[in-house]
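Q: Quick one: this structure, given as structure tokens, is what I'll be asking you about.
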Amino acid sequence: MLSPELSKVIDDTVDQERVALAKLSSDIHANPELRFEEHKAAGWIAELLRARGYEVEQGIAGLPTALRARKGNADGPKVAILGEYDALPEIGHACGHNLIAASAVGAFLAAAAVAHHTQGEIVFLGTPAEEGGGGKIKMIQAGVFEGLDAAMMFHPFDRDMLAHTALASMWLAMTFKGAPAHAAAAPHDGKSALQACMDTFRLIDGQQVRFRDGVRVHGYVTNGGQAVNIIPELAACEFSVRARDTVELARVRGIVERCAQAAALASEVTVEIVVREGYRDMRNNMTMARAFGEHLGSLGRKARETDDRVGAGSTDMGDVSHVVPSIHPYLAIVDENVALCHQHAFAGAAASDRGFDTTVHAAKALARTAVELLVDDQLRSSVRAEWSAEKT
Ligand SMILES: [Zn+2]
Ligand SMILES: [Zn+2]
């Protein structure tokens, strides 16, 4: 249980920071930076935290745009609040990570304000490159998540959900190499790398009947040839492969690789496949998610536990959830089905008043949940017990 007095201090602190948080959110939104290049965003976050008297470590885990701040008793329980701030190519902050950053900073400032009433420590982690860079994975490898009792963040969406599936994922980059020839005068002398590349897409489409529920395979051509009058000597494509668990992911990876090899065989070209590990599936800690939901409810928002009508993506928070009990709730910044992440309209919503109001709710509920975890030993051990029971 969290006392009404602590809840009030937390809520008041977030409210007092509204102007600073809104500026942080809109500055990040107006200056979209791609994965690992979020220098302005990381700088603004560090500046605000320092202005409030907190020490900030920038460039942790060997990542120039990762950062950390702490408040409280380093020998006690520890809860981390995570902020993302990277944007997408072409469509800017269409995933709303500017709001995630502002909510995490707000939640940290509010929880830190009452940290002396707990036996534990509140940790802010600025986690770069969620969009395809896996910044959190690098931070896990560097030991940043060791010793934490819980990790949490919020993600903007089109509805309120305490938890949702996030798929295990990987990327396959394929390079086809054939033989060039004049495309009109001597096409029979050529071996088309592009043909093999396109056949790969068709073969994979044909295999969809064998995929389990939740599998997603989607790709794009990264090199489509050299000139219109040359049989393409080189062609390349990249696929993202996702599944609900790592076993199905490995099976589908095998199918995708065989499709590429079969296509290469048909066109007498070679194919080189480079696999990049992606993200793990998300293990939502429902004990913690429900505690977050209680706080959200007292702030006037009633969230569903989850919603099976909604499709699933992937996040490097999934990797975090395998090393520390974690939540990744979603809160609406638009009406249901009006817009979703990675759409232009969602980028607009990430700069809207409604988007910011949601961010304020998220900051309060995250801070309350984090502090509750530090003061309530029973809750912390229930969270740990659920996580340990699921761990494989
Ligand atoms: Zn995204
Ligand atoms: Zn996102």
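Q: Enter the angle in degrees (range 0 to 90, nearest 10) between the Cα long axis of helix 286-298 and the first principal axis of the Cα atoms of the chain, meaning the one along which they spread out most.
A: Tilt relative to the chain: about 60 degrees.
Q: With no solvent and one equal point scatterer placed on each C-alpha of the range 170-277, evaluate the Debye formula and give log10 I(q)/I(0) for q = 0.13, 0.18 Å⁻¹, two decimals.
A: -0.47, -0.79
Q: Sticking with this one: For the range 133-146, in order, what is each residue's ³J(HN,Hα) by Karplus, 6.51 cos²θ - 1.76 cosθ + 1.60 with θ = phi - 60°, in whole Hz (x at glycine and Pro)?
A: Whole-Hz 3J(HN,Hα) from phi for the range 133-146: x, x, x, 5, 5, 5, 6, 4, 4, 7, x, 4, 8, 5.
Q: Okay, moving on. Provide the net charge surrounding Gly132, with neighbours chosen by a C-beta distance below 11 Å and charges set as Lys +1, Arg +1, Asp -1, Glu -1.
A: My count for the surroundings of Gly132 gives -3.
Q: Pairs to check: Lys8/Lys391; Lys40/Lys78; Lys136/Lys391. Give those whose C-alpha atoms are more than 25 Å from each other in this structure.
A: Flagged as over cut-off: Lys8/Lys391; Lys40/Lys78.
Q: While we're on this one: For Asn223, what charge total do you get from the other residues with a beta carbon under 14 Å from its beta carbon, if Lys and Arg give +1 and Asp and Glu give -1?
A: After counting each charged neighbour, the total is -2.
Q: Next up: How would Lys136, Lys364 rank on accessible area, largest to smallest, probe 1.4 Å?
A: Accessible-area ranking of Lys136, Lys364, largest first: Lys364, Lys136.
Q: Follow-up question, since we're still on this one. Please express the shape of the range 170-214 as an equivalent ellipsoid: the semi-axes are the square roots of 5 times the eigenvalues of the C-alpha gyration tensor, given largest first in whole angstrom.
A: 31, 12, 5
Q: Tally up the carbon and sulfur contribution to the accessible surface of the range 170-277 as a whole percent, 1.4 Å probe, everything protein left in place.
A: Reported share for carbon and sulfur atoms: 53 percent.
Q: In whole Hz, with x marking every Gly and Pro, tabulate ³J(HN,Hα) for the range 147-153 from phi via Karplus 6.51 cos²θ - 1.76 cosθ + 1.60, θ = phi - 60°.
A: Computed from phi, the couplings for the range 147-153 are x, 7, 8, 6, 9, 8, 7 Hz.
Q: Enumerate by residue number the GluC sites (Glu not before Pro) in the range 19-77 meeting two conditions: DSSP loop (anything except H, G, I, E, B), and at most 14 other Cβ atoms within 10 Å of the site's Cβ.
A: Listed in order of number, the matching sites are Glu55.
Q: Could you report the accessible area of His155 in Å², rounded to 10, computed with a 1.4 Å probe on the protein chains as they sit in the structure?
A: That residue has around 10 Å² of solvent-accessible surface.
Q: If you don't mind, there's one more thing I want to ask. Probe radius 1.4 Å, ligands and nucleic acids ignored: give me the carbon and sulfur share of the accessible area of the range 103-155 as a rounded percent.
A: Carbon with sulfur: 44 percent of the solvent-accessible area.
Q: Sort out for me the Cα centre separation of the range 207-222 from the range 147-196, rounded to whole Å.
A: Using only Cα atoms to place each centre, the spacing works out to 10 Å.
Q: So, one more: Testing the spin-label approximation: label points 7 Å from Cα along Cα→Cβ at Ala20 and Ala385. State their distance in nm.
A: It works out to 3.9 nm between the two label points.
Q: With the chain treated as a Gaussian network of Cα nodes joined by springs under 10 Å, which of Asp335, Asp158, Asp307 yields the largest mean-square fluctuation?
A: Largest GNM mean-square fluctuation: Asp335.
Q: Pop out the ³J(HN,Hα) list for the range 40-53 in order, Karplus 6.51 cos²θ - 1.76 cosθ + 1.60 with θ = phi - 60°, rounded to Hz; leave Gly and Pro as x.
A: 5, 4, 4, x, 5, 5, 4, 4, 5, 5, 5, 4, 8, x
Q: What number, rounded to the nearest 500 deg cm²/dmol, is the helix-based mean residue ellipticity at 222 nm of the chain, given -39500 (n - 2.57) per DSSP H run of at least four residues and division by all its residues?
A: Only helices count here, giving -13000 deg cm²/dmol.
Q: Another question about this same structure. On average, how much accessible surface per residue is there in the range 170-277, in Å², for a 1.4 Å probe, leaving out ligands, DNA and RNA?
A: Computed with neighbouring chains in place, this is 55 Å² per residue.
Q: Now for a separate question. Out of all DSSP beta bridges with both ends in the range 62-137, state the antiparallel percent to the nearest 5.
A: Rounded to the nearest five, the antiparallel share is 55 percent.
Q: What is the Rg over Rh value, at two decimals, for the chain, using alpha-carbon atoms and the Kirkwood definition of Rh?
A: That ratio equals 1.05.
Q: I'd like the accessible area for Trp44, computed on protein heavy atoms only with a 1.4 Å probe and all protein chains in place. Round to 10 Å², please.
A: 70 Å²
Q: Near Val252, within a Cβ-to-Cβ distance under 13 Å, what is the net charge of the other residues, with Lys and Arg +1 and Asp and Glu -1?
A: +4
The values are calculated or read from the model by the stated rules, or taken from the named source; none is laboratory data. No experiment lies behind these values; they were computed from the predicted model shown. Neighbour counts run over all protein chains shown; Cβ positions are idealised from the backbone, glycine included. Quick note on the areas: whole protein, heavy atoms, side chains included, nothing else; ligands and nucleic acids left out. Shrake-Rupley method; radii C 1.70, N 1.55, O 1.52, S 1.80 Å.
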